[in-house]
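Scroll down for the structure; my scribbles are underneath it.
Computed from the coordinates by the stated procedures, all read-outs in this text should not be read as laboratory data. Only a predicted model underlies this, so the values are computations on that prediction, with no experimental measurement involved. Methodologically, a virtual Cβ is constructed for each residue, glycine included, from the backbone with ideal geometry; neighbour enumeration extends over all protein chains shown.
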Amino acid sequence: MTRSKQTNLVHGGTKRSQWNEVSEALFLTQGFVYDTAEAAEQRFVKTGPDEYIYARYGNPTVAMFEERMALLEGTEDGFACASGMAAVNGALVSMLRAGDHIVSARALFGSCLYILEEVLTRYGVEVTFVDGEDLDQWRKAVRADTKAVFFESMSNPTLELVDIESVAEIAHAVGAKVVVDNVFSTPVYSKAVEQGADIVVYSTTKHVDGQGRCLGGVILGTREHIRGVVEPYMKHTGGSMSPFNAWVQLKGLETVGLRVRAQTAGALAIAEALEGHPKLSQVVYPGLVSHPQHDLAMRQLGAGGTMVALEVKGGKEAAFRFLNGLEIAVISNNLGDAKSIATHPATTTHQRLKPEQRASLGISDGWIRFSVGIEEPQDLIDDLLQALDAV
Ligand SMILES: *Cc1c(COP(=O)(O)O)cnc(C)c1O
């Protein structure tokens, strides 16, 4: 029987212990006992399915999380990581070596940019940056020795989309692997693998946990790649997910579909209510018909997602007055949470960038990133409108 994503989110990957518990068990154990010395020796020679050695290598709760994530994304396998950044670093470093070339979109989360600009180059990987939405730049940048392309399918915090299908065609023509950081698109709406992505990476800290509790990440791809390339790197370098975090996020997966769809409905209602507001120079939301990539968003995701960007007229001072006026939404820097979160990227998440870099990415001093939660949308609209009155 075929099962839909939503059903897999509730049941996928579940393995019951001898007690037949309903809720997935938390195996809070670092290690595993062998019946005999010979069994221990054998386990190290060849670790079979449902056999474990040490939690850095694998753990039953973590394995359930990996399998449920892979079912959701439609990949053969996945490796769960300590954080989204452990996943991005692991996905890239595990497959690249000195002398390789990688092409990356310029609009990246600050820590992703650090890995591309500082880490990979330090070990002799050549990095070329392009404007992610400009296909000509991708075409010109790829070469015969390009091993991978990397991009955030929807950029943080400007909500620009990269056309996965078109970039994958360009990359695959030179034999490069397509690595997608898909956080803003969410695993609920993602069809990245169908569209040509080879490796899909998530910070599961965001929508998957979705309740602000623990960090997590996952690298998804073919079994050969995950077990042959990613796992050896991750298990020996220490970026594996803890069983406790896997358990929290496994339970998060049960409701992620409901939450993300509710958050998306709220985001559209908010974007529609605020568009054209006299205190705002822009309301950016891929679900709005006015968004320059609205058609691509509908084709690629079928929805606008859970994030709305607002540009307050009057720069930093006006943006701060707006943030300080919010009564329901909180000021923080996480996203994808059940609670609505407002962020001023220029002074927080993207503070590390030089002012010229921020300007070239379109991150102005009036820019607000608004992660829509699951509160009643009308309450959020009222909150945003009264905070704008205060500007
Ligand atoms: C948050 C985020 C990350 C990093 O995830 P952590 O879990 O915080 O390590 C990477 N990429 C994107 C697009 C993100 O939003």
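Structural remarks
- The chain: calculated mean residue ellipticity at 222 nm from DSSP helix runs of at least 4, using -39500 (n - 2.57): -11000 deg cm²/dmol
- Test item: Cα-centred dipole of segment 284-391, Lys/Arg +1 and Asp/Glu -1 on Cβ, debye: 580 debye
- Packing-based exposure ordering (other Cβ within 10 Å, fewest first) of Tyr123, Tyr52: Tyr123, Tyr52
- Spatial separation of Cα centroids for segment 251-307 and segment 128-165, in angstrom: 22 Å
- Considering only the chain, percent of DSSP beta bridges that pair antiparallel, nearest 5: 55 percent
- Taking the Cα centre of segment 109-172 as reference, the dipole from Cβ charges on Lys and Arg (+1) and Asp and Glu (-1) amounts to some 320 debye.
- Placing unit charges on the Cβ atoms of the charged side chains and taking the dipole of the chain about its Cα centre, the candidate lying farthest along the positive direction among Pro377, Leu335, Ala144 is Ala144.
- Dividing the mean sequence gap of close Cα pairs (under 8 Å, 6+ apart) by how many residues segment 5-252 holds gives a relative contact order of 26 percent.
- From least to most packed, judged by other beta carbons within 10 angstrom and beginning with the fewest, Tyr202, Tyr57 follow the order Tyr57, Tyr202.
- Charge-dipole axis of segment 5-252 as Lys and Arg at +1 and Asp and Glu at -1 on Cβ define it, positive-most pick from Gly216, Val88, Phe244: Phe244
- Segments 19-25, 321-327 sorted - mean Cβ within 10 Å per residue, highest first: 321-327, 19-25
- log10 of Debye I(q)/I(0), alpha-carbon scatterers only, for segment 120-273 at 0.13 Å⁻¹: -0.71
- Between the beta carbons of Asn324 and Arg3, assuming R0 = 56 Å, the FRET efficiency works out to 0.75 to the nearest 0.05.
- With all pairs of different C-alpha atoms in the average, the Kirkwood value for the hydrodynamic radius of segment 257-389 is 14.8 Å.
- Highest to lowest packing among 165-175, 211-221, 106-116, 245-255, scored as the average C-beta count within 10 Å: 211-221, 245-255, 106-116, 165-175
- Fewest-first sequence of His236, His207, His344 by Cβ atoms within 10 Å of each Cβ: His236, His344, His207
- Inter-centroid distance (Cα atoms) of segment 91-111 relative to segment 172-218, Å: 15 Å
- Start at zero, step by 10 Å, and the Cα-Cα distances of the chain spread as 5, 23, 31, 24, 12, 3, 1, 0 percent across the bins.
- The packing ranking of peptides 141-149, 36-44, highest mean first, is 141-149, 36-44, where packing means the average number of other beta carbon atoms within 10 angstrom of each residue.
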